[in-house]
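Participant: Here it is, the structure, as structure tokens.
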Amino acid sequence: MKAYTTEVALSDLDADLVAVGLYEGDELSEPLGSTAGAADASADFKSQVIVYPGHPERVVVIGLGKKEDFTAEKARVIGAVAQKALKQVKGEALAWMLPDAPEGIEPGAIAAALVEGAGFSAFEFDRYKSGSDGEEAPPSLKAVEINTDQDIAAMVKVGEVVANSGNRARYLQSLPANVATPEYLAGRAREIADAHEKVTVEVMDRAAIVKAGMGGLQAVSKGGEDVEPRLITLKYTGKGSGEKLGLVGKSVTFDTGGISIKPSAGMHEMKMDMSGGAAVLEAVNAIAELDLALDIIAVLPSTENMPSGTALKPGDIITQLNGKTVEVTNTDAEGRLILADALVHCAREGADRLIDLATLTGAVLIGLGSTYAALISNDDELAAQVAEAADRSGELVWRLPLHDEYKDLTKGEITDLVNASAQRKAGTIYAGSFLEEFTEGKPWAHLDIAGTAWDTGREYWGKGPTGFGVHLLVALARELSK
């Protein structure tokens, strides 16, 4: 999908459908205003497709509600509404007459959000349906044109890159585990490095992981001997000096729970337990495409978590990369074991600040549902930066406390740490407290995206994968690069 700006009269717009936003109390100008039914669309997000002789042939009028209440997030929603109207008329090119931005909101932010909403809404995963050639389908939405006299081309480009990269993460999330293996993710990392001269990649196989002393990743991977683990490291040198931002994405390509096996109901969705890694991969791709001036070290610990005669067992003791010992009381708390090694590795590779994304706990679904991801951090400045990026991107986070009493729960009787508590309380915070033990004294933020990575019900994401985290990380990187 391509997005661009133009400055022409309505009658000169060359698109399959032209979208016009109408604030409450406003009226359409001629010739649209005299068209029957056009004025019925001034309430929130209601739409009316108008067909009339002349050019353009089709216009969708979308109600924006009260101007003072309009936000970038609402622009994403109406972007999706417009895309769905485009799909109904079997079109591929959408044009927007850019609405006036309310006071306090930049026109570029509205334009980018319109592009994002349309792009996200156009995502389809039909690779395995009859009649498909078995490959990734080209996007049904080919172009979004923003018609305006404002100088916002750069922001429209951001919207294009965010939408395309978010959808690529959603594609990775959608793939079955027999396709999207750890090596498949490594292959995608190599594609990103090949496409951008400022990106390099290093991939460690099982032998290298064992030799390095990554006891967590090694242990979790033991159950699936036929599917090799990978430790994937991407480095983006956008500046070449100053602080390096470390990104870590949990990449369990299928999670049965291991010996502590999950219930069968819904287990098929555990192909998406690599959502954190997908978000990190495609965020790096987006950041490189936007050529942002900062340096990034991204690490993906990738494996399956399977039961077998060789699998990690409850009661086993492992040694993580930093030398700390862990008693494994629950093999379904595997994500923190592989993230622990990855965080240490990322810090040792030179990251000055760390952010990890992981579909880590079921507890976060109970606590926050699918609207907010959980944010846990040992650094107020970094936490505030992440929260601000979350608000700008619409990928919301809610900070949970990191307190010594929670940390005490993770301590072991015969080891330094225990990977899971026998108690049910504070499960999300417990996991975050465990991870802090592996941050090497660096400022760190943990995002538990288990509730937001899949089936959130948002208008522009629909059912299934969301790519949550891509937009947030790009928004953060854009701010840090200034």
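The values are calculated or read from the model by the stated rules, or taken from the named source; none is laboratory data. Predicted, not measured: the structure shown is a model, and the values here were computed from it. Don't worry about glycine lacking a Cβ; one is built from the backbone with ideal geometry, like all the others, and counts go over all protein chains shown.
Participant: For residue 154, are the conditions met, namely being crowded, with 23+ Cβ neighbours inside 10 Å, of a type in the set (Gly, Ala, Ser) and either within 20 Å of residue 470 (Cβ to Cβ) or in the same structural domain as residue 256 (by TED's automatic domain parsing) (or both)? Full working, then the answer.
Facilitator: Details: crowded, with 23+ Cβ neighbours inside 10 Å: no; of a type in the set (Gly, Ala, Ser): yes; either within 20 Å of residue 470 (Cβ to Cβ) or in the same structural domain as residue 256 (by TED's automatic domain parsing) (or both): yes.
Taking the combined requirement at face value, the residue does not satisfy it.
Participant: Another question about this same structure. Conditions: (1) surrounded by 24 or more Cβ atoms within 10 Å (Cβ to Cβ); (2) touching a strand residue (DSSP E or B) at 6+ places or on another chain (Cβ under 7 Å). Residue 470 meets all but one. Number of the miss?
Facilitator: Against the list (1) surrounded by 24 or more Cβ atoms within 10 Å (Cβ to Cβ); (2) touching a strand residue (DSSP E or B) at 6+ places or on another chain (Cβ under 7 Å), residue 470 comes up short only on (2).
Participant: Filter the range 247-282 down to residues that are of a type in the set (S, T, N, Q) and not in a loop (DSSP other than H, G, I, E, B) and give me whichever is surrounded by the most Cβ atoms within 10 Å (Cβ to Cβ).
Facilitator: Of the residues in the range 247-282, the ones of a type in the set (S, T, N, Q) are 251, 253, 256, 260, 264, 275.
So of that shortlist, the ones also not in a loop (DSSP other than H, G, I, E, B) come out as 251, 253, 275.
Working: 251: 32, 253: 30, 275: 30.
Only one residue tops the list, namely 251.
Participant: Does residue 124 fit the bill of being over 18 Å from the mean Cα position of the chain (by Cα), assigned by TED's automatic domain parsing to the domain that holds residue 72 and over 19 Å from residue 475 (Cβ atoms)? Walk me through how you get there before you give the answer.
Facilitator: Numbers: over 18 Å from the mean Cα position of the chain (by Cα): no; assigned by TED's automatic domain parsing to the domain that holds residue 72: yes; over 19 Å from residue 475 (Cβ atoms): yes.
Against the criterion (over 18 Å from the mean Cα position of the chain (by Cα), assigned by TED's automatic domain parsing to the domain that holds residue 72 and over 19 Å from residue 475 (Cβ atoms)), residue 124 does not qualify.
Participant: Here's a follow-up. What single numbered condition from (1) surrounded by 19 or more Cβ atoms within 10 Å (Cβ to Cβ); (2) within 16 Å of residue 343 (Cβ to Cβ) fails to hold for residue 193?
Facilitator: Looking at each condition in turn, residue 193 falls short on (2).
Participant: Going by the conditions given, is residue 192 touching a helix residue (DSSP H, G or I) at 6+ places or on another chain (Cβ under 6 Å) and over 30 Å from residue 70 (Cα atoms)?
Facilitator: yes
Participant: Continuing with the same structure: For the range 288-322, which residues satisfy the criterion of being without any contact (Cβ under 8 Å) to a residue 24 or more places away in the chain and on the phi > 0 side of the Ramachandran plot? Please lay out each step first, then the result.
Facilitator: Filtering the range 288-322 for residues without any contact (Cβ under 8 Å) to a residue 24 or more places away in the chain gives 309, 315.
Selection gives 315 alone.
Participant: Determine which member of the set 455, 408, 416 is out of contact with any helix residue (DSSP H, G or I) (no Cβ under 7 Å at 6 or more places or on another chain) and without any contact (Cβ under 8 Å) to a residue 12 or more places away in the chain.
Facilitator: Numbers: 455 fails: without any contact (Cβ under 8 Å) to a residue 12 or more places away in the chain; 416 fails: without any contact (Cβ under 8 Å) to a residue 12 or more places away in the chain.
From the options 455, 408, 416, the qualifying one is 408.
Participant: Within the range 144-154, does at least one residue satisfy the condition of being of a type outside the set (Val, Ile, Thr), without any contact (Cβ under 8 Å) to a residue 12 or more places away in the chain and farther than 24 Å from residue 285 by Cβ?
Facilitator: Step one: list which residues in the range 144-154 are of a type outside the set (Val, Ile, Thr), which gives 145, 147, 149-151, 153-154.
Checking which are without any contact (Cβ under 8 Å) to a residue 12 or more places away in the chain leaves us with 151.
Still in the running and farther than 24 Å from residue 285 by Cβ: 151.
The answer is yes; a qualifying residue exists.
Participant: Could you check the range 239-267 and list, in sequence order, the residues that are in contact (Cβ under 8 Å) with a residue 60 or more places away in the chain and over 21 Å from the mean Cα position of the chain (by Cα)?
Facilitator: Our first condition is that a residue be in contact (Cβ under 8 Å) with a residue 60 or more places away in the chain; within the range 239-267, this holds for 239, 243-255, 257-262.
Matches in the range 239-267: 239, 243, 257, 258, 259, 260, 261, 262.
Participant: If you take the residues in the range 283-321 that are in a helix (DSSP H, G or I) and not acidic (Asp, Glu), which one is nearest to the chain's Cα centre (by Cα)?
Facilitator: So in the range 283-321, the residues in a helix (DSSP H, G or I) come out as 283-289.
This time we only want the ones that are not acidic (Asp, Glu), so: 283-288.
Numbers: 283: 8, 284: 11, 285: 12, 286: 11, 287: 13, 288: 16 Å.
Restricting to residues being in a helix (DSSP H, G or I) and not acidic (Asp, Glu), the top hit is 283.
Participant: Among the candidates 223, 166, which residue alone is small (Gly, Ala, Ser) and touching a His at 6+ places or on another chain (Cβ under 7 Å)? First the steps, then the outcome.
Facilitator: On the way: 223 fails: touching a His at 6+ places or on another chain (Cβ under 7 Å).
Result: 166 is the single residue among 223, 166 that is small (Gly, Ala, Ser) and touching a His at 6+ places or on another chain (Cβ under 7 Å).
Participant: May I pose another question? Out of everything in the range 217-246 that is of a type in the set (S, T, N, Q) and more than 21 Å from residue 355 (Cβ to Cβ), what residue ends up being surrounded by the fewest Cβ atoms within 10 Å (Cβ to Cβ)?
Facilitator: Residues of the range 217-246 of a type in the set (S, T, N, Q): 218, 221, 233, 237, 241.
After this cut, where a residue has to be more than 21 Å from residue 355 (Cβ to Cβ) as well, the list is 218, 221.
On the way: 218: 23, 221: 30.
My answer is 218.
Participant: Residues that are assigned by TED's automatic domain parsing to the domain that holds residue 394 and within 15 Å of residue 216 (Cα to Cα): does the range 364-371 have at least one?
Facilitator: Going residue by residue through the range 364-371, those that are assigned by TED's automatic domain parsing to the domain that holds residue 394 are 364-371.
Adding the requirement that they be within 15 Å of residue 216 (Cα to Cα) leaves none.
Checked against the condition, which is being assigned by TED's automatic domain parsing to the domain that holds residue 394 and within 15 Å of residue 216 (Cα to Cα), the range 364-371 yields no hits at all.
Participant: Also: Suppose we filter 75, 80, 95, 113 for residues that are more than 27 Å from residue 472 (Cβ to Cβ), surrounded by 22 or more Cβ atoms within 10 Å (Cβ to Cβ) and at pLDDT 95 or above; which single one remains?
Facilitator: On the way: 75 fails: more than 27 Å from residue 472 (Cβ to Cβ); 80 fails: more than 27 Å from residue 472 (Cβ to Cβ); 113 fails: more than 27 Å from residue 472 (Cβ to Cβ).
The conditions single out 95.
Participant: With respect to residue 85, is the statement that it is surrounded by 18 or more Cβ atoms within 10 Å (Cβ to Cβ) and at pLDDT below 95 true? Let's see the steps before the verdict.
Facilitator: Working: surrounded by 18 or more Cβ atoms within 10 Å (Cβ to Cβ): yes; at pLDDT below 95: yes.
Judged against the criteria, residue 85 is a match.
Participant: How many residues does the range 13-55 contain that are closer than 20 Å to residue 83 by Cα and at pLDDT 85 or above?
Facilitator: Residues that pass the stated criteria total 11.
Participant: Among the residues of the range 408-431, are any under 30 Å from residue 109 (Cβ atoms) and modelled with pLDDT of 95 or more?
Facilitator: So in the range 408-431, the residues under 30 Å from residue 109 (Cβ atoms) come out as none.
The answer is no, given that none of the residues of the range 408-431 is under 30 Å from residue 109 (Cβ atoms) and modelled with pLDDT of 95 or more.
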